[in-house]
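All remarks here apply to the structure that follows.
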Amino acid sequence: MENIQAKHLNTVLSGIEKVLVTYLGFTVQTGVPSMQQPFVNTENVSVMVGMTGDLRGEIILSMDDEVLKGIISTMCGFKVEAIDDMGWSAFAEFGNWVGAACCTAFHEQELNTNITPPVIHEGKGSLRTSSKFISLPVFIGELTIMAHISLGE
């Protein structure tokens, strides 16, 4: 798998921003990217979505519980105090939204892509991988989502 190209990274970022800004109404800024290998360090909760087709790889969105509660609260339209089964389902759907927005953006570049079902990871951790991941913070005000992206052709 070739290294992620800048245009692919920007396409994924536009998909993430589309969901956060257009669907959820947040204001976002991105931070400075860094390379992660052989470990990808995750926060308290993460949603992982695989990419298949002309591009293959993973998109991992990692955050702390408070960021997740804010996202779920916005998705559901009421304040979420604790993450229950409905909250975990909403988090998986958030991963689907981001993955689908990325597929739509890649389609506009004439790339045929699809996503795998989202996988939720609970608890801080380090994922060991042979793939190179670009990691960058996506800021929602003072809150942070870490986006870990590995895509290749």
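Assorted remarks:
- Overall form of region 31-77 per C-alpha gyration tensor (a/c, 1.5; a/b vs b/c): oblate
- Two-site label geometry, M86 and T52: point separation in nm, points 7 Å out along Cα→Cβ: 3.2 nm
- Summed over qualifying helices (DSSP H, 4 residues or more, each -39500 (n - 2.57)) and divided by its residue number, the chain shows a 222 nm mean residue ellipticity of -10000 deg cm²/dmol.
- Among L20, L143, the ranking by other beta carbons within 10 Å of each residue's beta carbon, starting with the fewest, stands as L143, L20.
- Among T52, T129, T104, residue whose mean-square fluctuation peaks in a GNM of the chain (springs only between Cα atoms under 10 Å): T129
- In plain terms, the chain from E66 to T30 could stretch by 11.1 nm, reckoned as 0.36 nm per residue minus the Cα-Cα distance.
- Alpha-carbon centroid distance for the pair region 126-145 / region 54-79, whole angstrom: 12 Å
- For the chain, a crude dipole built from +1 on the beta carbon of Lys and Arg and -1 on the beta carbon of Asp and Glu, taken about the Cα centre, is about 260 debye to the nearest 20.
- Summarising the amide proton neighbourhood of T42: residues at separation of 5 or more, or on other chains, whose placed amide H is nearer than 5 Å comprise G125, S126, L127.
- Converting phi to 3J(HN,Hα) with the Karplus coefficients 6.51, -1.76 and 1.60 and the offset θ = phi - 60°, region 84-97 yields 10, 4, 5, x, 5, 5, 5, 5, 4, 5, 4, x, 4, 4 Hz in sequence order, with x at every glycine or proline.
- In a DSSP loop and with at most 11 other Cβ atoms within 10 Å, the GluC sites (Glu not before Pro) in region 32-107 are E81.
- Between F26 and V21, the built amide H atoms are under 5 Å apart, and every one of these is 5 or more places off in sequence or on another chain.
- Nearest-ten-degree value, helix 6-17 long axis tilted from longest Cα axis of the chain: 20 degrees
- Remark: region 124-139, residue by residue, has Karplus-estimated 3J(HN,Hα) of 4, x, 10, 8, 7, 8, 8, 7, 8, 10, 8, 10, 8, x, 10, 8 Hz, where x stands for each Gly or Pro and the curve is 6.51 cos²θ - 1.76 cosθ + 1.60 at θ = phi - 60°.
- The amide H of T113, built 1.01 Å from its N in the peptide plane, has D54 as neighbours under 5 Å, considering only residues 5 or more places off or on other chains.
Coordinate-derived values only; no laboratory data. Predicted model only: the values in this text are computed from it and were never measured. Note: ideal-geometry Cβ built from the backbone for every residue, glycine included; neighbour counts use all protein chains shown.
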